[in-house]
Structure formats: structure tokens, C-alpha cells
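Read the structure below first, then the notes.
Just so it is clear, none of the values below were taken in a lab; they were calculated from the coordinates. Note that the structure is predicted; figures quoted are calculated from it, not measured. FYI the Cβ positions are ideal-geometry reconstructions off the backbone, even for glycines, and counts take in every protein chain you see.
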């Protein structure tokens, strides 16, 4: 079933997985609010949506700032005439041995990957309640939120936190008709993965592409994931066919981690 006419906000909507999600939901008939710190990037994606015959608005915000997240949702509602689905997609990666990670590095990734999700949950639920309606919240987790990964210790910790927040929020807001779920991608062909590959090479001394080959060799379906692969699951979670699903962090990794 489609989500035609629904208003969906996607954080980190200017590139990578966020862009893939936005384009898929636009094709399914949703109106999109694209949120990112990169104005040219979200404007470009909004242009792609317009070319598809869809409707999109953009809002520049830092998801680590609580007030900016609330303002983004207010913008989505006032500009698009409603608010139905919150996708907390924005996040950053970090490749660093636990023995070397600094306080500044920890604070930065926690601010975006954990606080950003909390602010998104808070702002979305407040808006759903104010509007007297049900709603859906969808968070970005990861295979690293299912199995801790060497050299990705703090990043993995943030994604384990997203799983916990997803479960807790699902329990807290179920009585209001708000579902909360998460998607757990694997090795996705995006700029973020290129950064991870490059950083692994710098830290370990292995040639570029070594970690990518090792990771892809461990995928049962035998190929790197695309943003469109992730977007298919998110489209299900955003639509009515998932109305009885809540508190779940669902793998979409081509067969890497089995739960």
C-alpha cells in the first residue's frame, strides 16, 4: 500500500541513504521535508523530487540541536500541511581504536547519532500529540548496532543506543498510536562507506579497498548494498502495511548478521 499524501521528514536527506529514502517515498506519493546541514545537497534532491512530479521542501538544521529539530518539524507541517512520518536518518561514522579515541571525538558522534535521534523522537511525538493523530518514527540503526565492530567501537555504541531508544520509545508511545522502528543497513555504497574504507586503510596500513572486499565477501547475497535496498524497507515501515510493527530494529544487510 502507498503512503500517498503523507508528509514525511527525512534528516540527512541530502545524500546517501537519506537521498535514496526520499526519492523512493516521493515515488510512492509522499510529500517530503528534507533536512540537512548542507543546503546545496538538499536543494538538489528537492529538484530531483520535483522532476519526478513530487513535492518537497527543504530545511537546514543541525540534528544535534534540539530546537533546530523542533523547528524543522514545524516547517514541514506549515509548508506541507501536515506531519505523519519522522525518519531520523542523519548520522556520522567514526573509525578509531578504542585505545585512541578522544573525548572530543566521542562527544561529536554522540551528539549526532544519539542526541539527534532523541530530539527527533521528542519533536515528532510532541507534534503527533498536538495534532491529535497517530504517527510513525523510523530510526537509522546499523549492523554495527547488532554486533560490535573492531575499530568502530564508539560508532557501534551509538547504534546500540539507537536500538534501545527505538524499543523504549515504542513502549512509551504505543498507547498514542505512534509506532517506532529502526532499519539496520550493512555495507552501503555511499560516501560514508568510502570514508570508512579510507580511514581503515589509514589506521591499519592495509591498501584501500581491503576492508570493503572483506566485508562484501561476508555478504550472503554477494554484493554491496545500495541506498535503494534500504529505502525499500523504510517504505514498508513508513506505510500502513507496518501498522502492527513496533519496537523492531530490522536487518537489511544482504545476509551479514542473523537475528
For the stretch 199-248, compute Rh as the Kirkwood radius over C-alpha pairs and then the Stokes-Einstein diffusion coefficient at 4 °C and 1.567 mPa s; write the answer in µm²/s, rounded to an integer. 95
Order these peptides, 45-55, 180-190, 7-17, 153-163, by their mean beta-carbon neighbour count within 10 angstrom, highest first. 7-17, 180-190, 153-163, 45-55
Binning at 5 angstrom from zero up to the longest distance, how are the C-alpha pair distances of the stretch 1-46 distributed in percent? 6, 28, 34, 19, 10, 3, 0
Translational diffusion of the stretch 163-205, µm² s⁻¹ [Kirkwood Rh, Cα pairs; Stokes-Einstein; 25 °C; 0.890 mPa s]: 187
In Å and from the alpha-carbon atoms only, list the Rg and Dmax of the stretch 1-126. 15.0, 51
For the chain, what is the mean residue ellipticity at 222 nm derived from helices alone (per DSSP H run of n ≥ 4: -39500 (n - 2.57); sum divided by total residues; nearest 500 deg cm²/dmol)? -14500 deg cm²/dmol
The helix 153-173 Cα axis meets the longest alpha-carbon principal axis of the chain at an angle in degrees, between 0 and 90 and rounded to 10, of 30
Distance between the stretch 109-136 and the stretch 210-240 - C-alpha centres, whole angstrom: 26
Cβ density ranking, 10 Å radius, fewest first, applied to 36, 147, 217 yields 217, 147, 36
Specify which labelled value, from (1) 19.3; (2) 19.8; (3) 18.3, agrees with Kirkwood radius over Cα pairs in Å derived from the coordinates of the model shown. (3)
For a bin width of 10 Å, list the pair-distance distribution of the stretch 94-246 built from all Cα-Cα distances, rounded to whole %. 10, 35, 33, 17, 5, 0
